[in-house]
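Asks: Pasting a structure here, questions to come.
The values are calculated or read from the model by the stated rules, or taken from the named source; none is laboratory data. Owing to the predicted nature of the structure, the values given are computational and were not obtained by experimental measurement. Backbone-built Cβ (ideal geometry, glycine too); neighbour counts: all protein chains shown.
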Amino acid sequence: MMINKKTQDIARVLLNEKDKKLKLRELSAKAGVSLGMTVKIVNALESCGQLEKKKGIRAVKWKKLLFALAYACSIEENKKIEFLGAERAQYLIKKIGNLLRNEKYAFTLFSATEIISPYVAPDKVHLYILDKDKEKISKLLVEEGIAPAEKGNIICYEVDENHFYGSKEVRGVNVISLPQLYIDLVSYGGRGEEAAEHVLRLMENV
């Protein structure tokens, strides 16, 4: 199944709200997708057997939907800016979280697993920022001695608001939602696929 941007936005809400039944207008509003388009997407997902519409919309086969997104979307498709920090990744996570406490951001990949449930010690820091905040965040980092670099150890992916759906604060910093983290880890490959299985178990127990 081809997964376009609006379908991704709808699916992201359904995965984060997998234990709830959502009204059509509620789903439309949460995903930021027009009501008419939401109807079309919901009908398409229902025909694939991934959700049901009995007294509300719910992803009854949420793993199937999650796997479809994980293999159709890649974190590397996003625009990114890179920086070089002198400290270890674990320290940089705390430092960046403090610097961006008033900004929209969320850690992902091994930076996020380090925070929510350590699996693999990160050697780089990966996070999402809003595309419109690129210049502001770059200035904040540079002012703290974190320099722009072609190949850095801090990678900021520029995304829109929908990527942040379900993100939360953990241990004083912001991390991406578990479904988005799973998708990112799978698309990252290598150790990411192993860490994704760990995240999937966390999702099963939520």
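Asks: Count, please, the residues in region 84-120 that happen to be basic (K, R) and without any contact (Cβ under 8 Å) to a residue 60 or more places away in the chain. Even if it seems obvious, please write down each step before you answer.
Replies: Pass one, region 84-120, residues basic (K, R): 88, 94-95, 101, 104.
Now drop any that are not without any contact (Cβ under 8 Å) to a residue 60 or more places away in the chain, which leaves 88, 95, 101.
Number satisfying all stated conditions: 3.
Each row is one residue, and each column tells you yes or no for (1) surrounded by 13 or more Cβ atoms within 10 Å (Cβ to Cβ); (2) under 30 Å from K151 (Cβ atoms); (3) at pLDDT 95 or above; (4) outside the structural domain of Y128 (by TED's automatic domain parsing).
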position	(1), (2), (3), (4)
K30	yes, no, yes, yes
M37	yes, no, yes, yes
L45	yes, no, no, yes
K80	yes, yes, yes, no
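Asks: Which of the numbered conditions does L109 fail, given that it passes all the others? Conditions: (1) aliphatic (A, V, I, L, M); (2) within 17 Å of L185 (Cα to Cα); (3) not assigned by TED's automatic domain parsing to the domain that holds K151.
Replies: Going through the list (1) aliphatic (A, V, I, L, M); (2) within 17 Å of L185 (Cα to Cα); (3) not assigned by TED's automatic domain parsing to the domain that holds K151, L109 breaks only (3).
Asks: Out of region 79-120, which residues are among the small types (G, A, S) and under 15 Å from L178 (Cβ atoms)? Write out each step before concluding.
Replies: Filtering region 79-120 down to residues among the small types (G, A, S) leaves 85-86, 89, 97, 106, 111-112, 117.
Residues satisfying the conditions are A106, S111, A112, S117.
Asks: Show the residue pairs meeting these rules: Cβ distance below 6 Å; 6+ apart or different chains; first residue within region 1-22 and part of a loop (DSSP other than H, G, I, E, B); second residue not aliphatic (A, V, I, L, M).
Replies: Note: pairs meeting the criteria are K18/W62; K21/G56; K21/R58.
Asks: So, one more: Look through region 164-179, keep the residues that are among the small types (G, A, S) and over 8 Å from R12 (Cβ atoms), and return whichever of them is surrounded by the fewest Cβ atoms within 10 Å (Cβ to Cβ). I'd like the intermediate steps shown before the answer.
Replies: If we filter region 164-179 for residues that are among the small types (G, A, S), which is where we start, we get 166-167, 172, 177.
This time we only want the ones that are over 8 Å from R12 (Cβ atoms), so: 167, 172.
Details: S167: 22, G172: 10.
Residue satisfying both the conditions and the ranking: G172.
Asks: Only one of these is within 12 Å of the chain's Cα centre (by Cα), within 19 Å of K80 (Cβ to Cβ), surrounded by fewer than 15 Cβ atoms within 10 Å (Cβ to Cβ) and not assigned by TED's automatic domain parsing to the domain that holds L65: E161, E135, E150. Name it.
Replies: Values: E135 fails: within 12 Å of the chain's Cα centre (by Cα); E150 fails: within 12 Å of the chain's Cα centre (by Cα).
Exactly one residue qualifies, and that residue is E161.
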